[in-house]
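Engineer: Quick one: the structure is below, and I'll ask about it shortly.
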Amino acid sequence: MRCVMSPRVDQSVTRAPRGEKAASIRPSRTPWLDHWLETVADLSALTASHPMMDAVIDEIDGRMIRVGDKWLADFASCNYLGFDLDRDIIEAVPAYLEAWGTHPSWSRLLGSPVLYEQIEERLTELLGCEDSLVLPTITHIHLSVIPLLAASGTVFLDARAHKTIYDGCQVARSRGAAIRKFRFEDPGHLDELLEAERDPTRLVCMDGVNSMTGNAPDLRAFAEVARRHGALLYVDDAHGFGVIGERSAGEPCTYGSRGNSIVRHVGESYDNIVLVGGFSKSYSSLLAFIACPTELKQLLKVAAPPYLYSGPSPVASLATVLAGFDVNERRGDELRATVFRHTRRVLDAMARCGVHTPNHSGLPIIEIPLRDHERIDAVGRLLFDRGVYVTLAAYPLVPKNEVGFRAQLTAANTDAEVDALIAAIEELAQRGELQPAASAPPLRQAA
Ligand SMILES: Cc1ncc(COP(=O)(O)O)c(C=O)c1O
C-alpha cells in the first residue's frame, strides 16, 4: 500500500449502510432533558447507529472478537499484558473460589479476606513505596480520597486530567475546596499558580500516562514544583502501571522493567507523592490502589467511604491480581517487550505515511485524529469493514479537532492483527481522512 496523504476525502465511505440499532433517544419537551440531548447529540447518534459503539461482543478468540457475524481484531482492550487470556492466571482462579467462595460481600471495614493483606504486601514491594491500600476501582479512590486530601484547601487540577479526577475534584469543591486548573503538560504554569496562592493546603491532581495522548508527563518537573511550594502531588497512573517501570541497563525495552509505574520509571521518590493506579488494565482485574504513607492509609481505613461502605472486588479479581504478580515476575518484561514491538511497528508505519498522532512516547495508546470530525461515522465503518476494532473518540468526549480513534496494543495481539491495523491506517491516510503529521493542530488547552 502506497502511503500518500491526500486532501481529497472519498465520499463513498459515507454510503455504507446504517447500522441496525434504533435511535435510542427521542426529542422531549423537558428543558433539562432537551439540554442534555443537544449536548450529547453527536455521540448518541453515533452510539445508536454505529457497529463499533456500545457493541455486543458475542464471542472472543484470543484478541479476535465477534460482533454478530463479523470477526475483528481488538485494539480497544487495555489488557496490555494479555493477562485476561493468560493460562497460568486463568488456571489459578478455581482454587481461590474453592477457598473463599465467589464474593465475600463484607465492606473492607467489616472484614477483609487475608488475600487483601497479601496483595497490599506484594504491591508495596513492587512499587517500592511506604505502604498501599486497595479498593475496588480508581473511581472510588478519586471520589473519596481527593476530597479528604483537599479538605477546604486548594486543588490544582491538570486541565486535561481524566474525567474521574475531575469528578473527585467536584466532590472536593462541594465540601469547600477551591479548584484552579493548570495547563496540560505545563509545570511552569503550575509553578505560577502555586506561587500566587496564599492557601497553605495545596493538592495537585494529574494523570500519569495520559489515556488519550499515550504520553507520560514530566513527573520529575511536576514533583519539583509541588515540593518547592509545599503541595502534595496526587498522580493517577491507570495506564502506566504494568507497562512502564524502573529503568536499568538490562531492560528489554524503553518501557523499563517490572511495570512498577511512573514514579519508579522516572526515578522519583514517593516524598510528597501519592500514586493511584488500577489493576483493571494491565492486570485485567477489578481492583485499584493508592500508594501512600502508612499514616494516610490508616486514616483512609476509617475515613474513606469505599473502605467503610462499598462492596468488595470479587474473589476472582483478587485471585487474578495475585496470580498476575507471579506472571509479572516471571514473564512480565517479555510481555512488555512484545507490546513495545507491536506499538513501534504501528508508529513507524504512521511515520512513513506522514500521519499525525500525539503519541511521542512509544507507549501502547495511539490516538489518531481525523482531518474532519464529521467523518467519524464513515471512518469507523471502514475500520469495522476491514475487521479492525478500535475506540472511537467522538465529540463531545473529545474536542472537535481531536475527534478520531484510538488503538491500544496488547501482548495478546498477534502480528497478523497488527498488520490489519496498519493496513487500515494506511488506507485511511490514502483516502485523506487523517491529519498529516506536520499540520496537526496543537492540543486544546482547557485551562
Ligand atoms: C486515567 C484513568 N483513571 C481512572 C480510570 C477509571 O478507572 P476505574 O475503572 O478503576 O474506576 C480510567 C479508566 O479508563 C482511566 O483511564
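The values are calculated or read from the model by the stated rules, or taken from the named source; none is laboratory data. These numbers come from a predicted model, not from an experiment. Virtual Cβ from ideal backbone geometry, glycine too; neighbours counted across all protein chains shown. SASA here: full protein model, heavy atoms, side chains in, ligands and nucleic acids out. Shrake-Rupley method; radii C 1.70, N 1.55, O 1.52, S 1.80 Å.
Engineer: If VAL93 satisfies every condition in (1) open to solvent by 30 Å² or more (accessible area, probe 1.4 Å); (2) modelled with pLDDT of 95 or more but one, which is the exception?
Structural biologist: (1)
Engineer: Is at least one residue of the range 102-118 among the aliphatic types (A, V, I, L, M), out of contact with any Cys (no Cβ under 9 Å at 6 or more places or on another chain), at pLDDT 95 or above and within 15 Å of the ligand (Cβ to nearest atom)?
Structural biologist: Scanning the range 102-118 turns up no residue that is among the aliphatic types (A, V, I, L, M), out of contact with any Cys (no Cβ under 9 Å at 6 or more places or on another chain), at pLDDT 95 or above and within 15 Å of the ligand (Cβ to nearest atom).
Engineer: Mind telling me which of the residues ARG227, ARG180 ends up being more than 16 Å from the ligand (Cβ to nearest atom), part of a strand (DSSP E or B), modelled with pLDDT of 95 or more and open to solvent by 40 Å² or more (accessible area, probe 1.4 Å)?
Structural biologist: Exactly one residue qualifies, and that residue is ARG180.
Engineer: Could you list all residues from the range 211-224 that are open to solvent by less than 10 Å² (accessible area, probe 1.4 Å) and without any contact (Cβ under 8 Å) to a residue 60 or more places away in the chain?
Structural biologist: Those that are open to solvent by less than 10 Å² (accessible area, probe 1.4 Å) and without any contact (Cβ under 8 Å) to a residue 60 or more places away in the chain: LEU219, PHE222, ALA223.
Engineer: Right, next: Does the range 144-154 include one or more residues that are under 14 Å from GLY277 (Cβ atoms) and surrounded by 23 or more Cβ atoms within 10 Å (Cβ to Cβ)?
Structural biologist: yes
Engineer: Hey, another quick one. Out of the residues in the range 123-158 that are charged (D, E, K, R) and not in a helix (DSSP H, G or I), which is nearest to the ligand (Cβ to nearest atom)?
Structural biologist: Among residues in the range 123-158 that are charged (D, E, K, R) and not in a helix (DSSP H, G or I), the one nearest to the ligand (Cβ to nearest atom) is ASP158.
Engineer: Can you find a residue in the range 300-308 that is within 16 Å of the ligand (Cβ to nearest atom), assigned to a helix (DSSP H, G or I) and of a type in the set (Ser, Thr, Tyr)?
Structural biologist: Looking through the range 300-308, at least one residue is within 16 Å of the ligand (Cβ to nearest atom), assigned to a helix (DSSP H, G or I) and of a type in the set (Ser, Thr, Tyr).
Engineer: Please determine, by comparing only the residues of the range 269-286 that are over 17 Å from CYS205 (Cα atoms) and buried (at least 19 other Cβ atoms within 10 Å of the Cβ), which one is nearest to the chain's Cα centre (by Cα).
Structural biologist: Filtering the range 269-286 for residues that are over 17 Å from CYS205 (Cα atoms) and buried (at least 19 other Cβ atoms within 10 Å of the Cβ), the one nearest to the chain's Cα centre (by Cα) comes out as LYS281.
Engineer: Related question: Would you confirm whether or not the range 234-245 contains a residue that is more than 17 Å from ARG264 (Cα to Cα) and either open to solvent by 30 Å² or more (accessible area, probe 1.4 Å) or not in a helix (DSSP H, G or I) (or both)?
Structural biologist: Looking for residues that are more than 17 Å from ARG264 (Cα to Cα) and either open to solvent by 30 Å² or more (accessible area, probe 1.4 Å) or not in a helix (DSSP H, G or I) (or both), one finds none in the range 234-245, hence no.
Engineer: Give the residue that is nearest to the ligand (Cβ to nearest atom), with candidates limited to residues of the range 269-284 that are part of a strand (DSSP E or B) and of a type in the set (Gly, Ala, Ser).
Structural biologist: So, considering only residues that are part of a strand (DSSP E or B) and of a type in the set (Gly, Ala, Ser), the one nearest to the ligand (Cβ to nearest atom) is GLY278.
Engineer: Can I ask one more? Would you mind telling me which numbered condition in (1) touching a Pro at 6+ places or on another chain (Cβ under 8 Å); (2) within 27 Å of LEU335 (Cβ to Cβ); (3) away from the ligand (no atom under 12 Å from the Cβ) LEU287 fails?
Structural biologist: Result: LEU287 fails condition (3) only.
Engineer: Confirm whether GLY277 is touching a residue at least 12 places away in the same chain (Cβ under 8 Å) and on the phi > 0 side of the Ramachandran plot.
Structural biologist: no
Engineer: Another question about this same structure. Could you tell me how many of the residues in the range 230-242 are within 16 Å of ARG183 (Cα to Cα) and within 11 Å of the ligand (Cβ to nearest atom)?
Structural biologist: Of the residues in the range 230-242, 1 are within 16 Å of ARG183 (Cα to Cα) and within 11 Å of the ligand (Cβ to nearest atom).
Engineer: Looking only at the range 159-176, how many residues end up being more than 13 Å from the ligand (Cβ to nearest atom) and open to solvent by 10 Å² or more (accessible area, probe 1.4 Å)?
Structural biologist: Looking only at that region, the number is 6.
Engineer: Of all residues in the range 56-90, which are of a type in the set (Phe, Trp, Tyr) and either open to solvent by 70 Å² or more (accessible area, probe 1.4 Å) or farther than 21 Å from ILE422 by Cβ (or both)?
Structural biologist: Those that are of a type in the set (Phe, Trp, Tyr) and either open to solvent by 70 Å² or more (accessible area, probe 1.4 Å) or farther than 21 Å from ILE422 by Cβ (or both): TRP71, PHE83.
Engineer: Give all pairs with beta carbons closer than 9 Å in which a residue from the range 128-139 that is open to solvent by less than 10 Å² (accessible area, probe 1.4 Å) meets a residue that is part of a strand (DSSP E or B) and away from the ligand (no atom under 14 Å from the Cβ); count only pairs at least 6 apart in sequence or on separate chains.
Structural biologist: SER132/ALA291; SER132/CYS292; LEU133/ALA291; LEU133/CYS292
Engineer: Looking at (1) within 22 Å of the chain's Cα centre (by Cα); (2) among the acidic types (Asp, Glu); (3) in a helix (DSSP H, G or I), which is the one condition that is false for GLU192?
Structural biologist: The failed condition is (1).
Engineer: Shifting gears a bit: List the residue pairs whose Cβ atoms are under 7 Å apart, where the first residue sits in the range 153-177 and is free of Cβ contacts under 8 Å to residues at least 40 places away in the same chain and small (Gly, Ala, Ser), the second is assigned to a helix (DSSP H, G or I) and buried (at least 22 other Cβ atoms within 10 Å of the Cβ), and the two are 6 or more positions apart or on different chains.
Structural biologist: Partner pairs satisfying both residue conditions: GLY168/HIS142; GLY168/ILE146; GLY168/PRO147; ALA172/ILE146; ALA172/PRO147; ALA172/ALA150; ALA177/ALA150.
Engineer: For the range 410-419, give me each residue that is assigned to a helix (DSSP H, G or I) and surrounded by fewer than 20 Cβ atoms within 10 Å (Cβ to Cβ).
Structural biologist: The answer is ASP415, ALA416, ASP419.
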